[in-house]
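The structure appears right after this line, and notes come after that.
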Amino acid sequence: MLKDQVTFRRLAAGTLLIVAPLLQAVAAVLDPGTWGDDRESVSYGDNPALAQTESALYHWSWLLMALAALGLMHLTRRKATVLGHLAGAAAVVGYISASGLLLTDPVEWWLGRHYPDQAQDILKEMMDLPGVIYGFQMPWMFLAILGLPILAAAVWRTGFVGWWVPALVAVGYVFSFPLEYNPLIIVFWTLPVIALGFTGVKILRMSDADWAEYYPGADRAAGVSDAGVGAERLSG
């Protein structure tokens, strides 16, 4: 399988579209900040094991989501190509950048355990440094939040999925962004699990031949093959 570019990339794309959003939803369930004190650092300090677990899950979810976006871009090789390129590149850069922000989580839970009353102020000072804001946060986080729904819309434009797929991804990620971190986030982040998971399953059910049809030159190769068959029939 590793030597077969068609099989490997198809299976990887389909699997990651299922796994990546699911890891994020599970992380939201385990996150002490979802259920605990309004001050996230305090919640983390009260549950350091869960804080570290959810942080790792978010990290891998967002890294894998960047790779999953590359799989979605493959589906836009024939139609909505420009939109697929722009939105896909934005999603990849956004998710990788967002993953880097998770290194602040262990700092936050350590501060919450040792300086619960000052933790939020200390962390705010750290996160408000220009290098953090412009190197990791702005505008990169928004590239992920907006890029993935637009990429899903590009895939819808190709006819591969229905309109409800980009709609659920948009509602799940874009509409939840302004909300306070609370259990309602789990409901919102379950919607992309359904939409992207459906897309992933559909990719897994494709044949290698169907996946390969999206590669450049597939039409030309098919045309040459058909012409060759026609020539053989005429000569016969």
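The values are calculated or read from the model by the stated rules, or taken from the named source; none is laboratory data. This structure is a prediction, so every number in the text was calculated from the model and none was measured. Cβ coordinates were reconstructed from backbone atoms using ideal geometry, including for glycine residues, and neighbour counts include every protein chain displayed.
Identify, from the list 118, 137, the residue that is modelled with pLDDT under 80 and of a type in the set (S, T, N, Q).
That would be 137, the only listed residue that is modelled with pLDDT under 80 and of a type in the set (S, T, N, Q).
Checking residue 162 against (1) under 21 Å from residue 77 (Cα atoms); (2) part of a helix (DSSP H, G or I), which single condition isn't satisfied?
Status for residue 162: all satisfied but (2).
Rundown of residues vs (1) in a helix (DSSP H, G or I); (2) over 19 Å from the mean Cα position of the chain (by Cα), yes/no style:
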position: 2; (1), (2): no, yes
position: 6; (1), (2): yes, yes
position: 15; (1), (2): yes, no
position: 27; (1), (2): yes, no
position: 42; (1), (2): yes, yes
position: 62; (1), (2): yes, no
position: 84; (1), (2): yes, no
position: 88; (1), (2): yes, no
position: 94; (1), (2): yes, no
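Of all residues in the range 165-181, how many are part of a loop (DSSP other than H, G, I, E, B), free of Cβ contacts under 8 Å to residues at least 40 places away in the same chain and either of a type in the set (Ser, Thr, Tyr) or outside the structural domain of residue 28 (by TED's automatic domain parsing) (or both)?
Matching residues across the range 165-181 total 1.
Can you go through 99, 61, 41, 55 and tell me which one is among the hydroxyl-bearing types (Ser, Thr, Tyr), in contact (Cβ under 8 Å) with a residue 40 or more places away in the chain and closer than 15 Å to residue 169 by Cβ?
Result of the check over 99, 61, 41, 55: 61.
Please work out if residue 127 is under 25 Å from the mean Cα position of the chain (by Cα) and either modelled with pLDDT under 95 or over 19 Å from residue 142 (Cα atoms) (or both).
Here the answer is yes, as residue 127 does meet what is asked.
Would you mention how many residues in the range 114-125 are surrounded by 13 or more Cβ atoms within 10 Å (Cβ to Cβ) and either without any contact (Cβ under 8 Å) to a residue 24 or more places away in the chain or farther than 13 Å from residue 40 by Cβ (or both)?
Looking only at that region, the number is 2.
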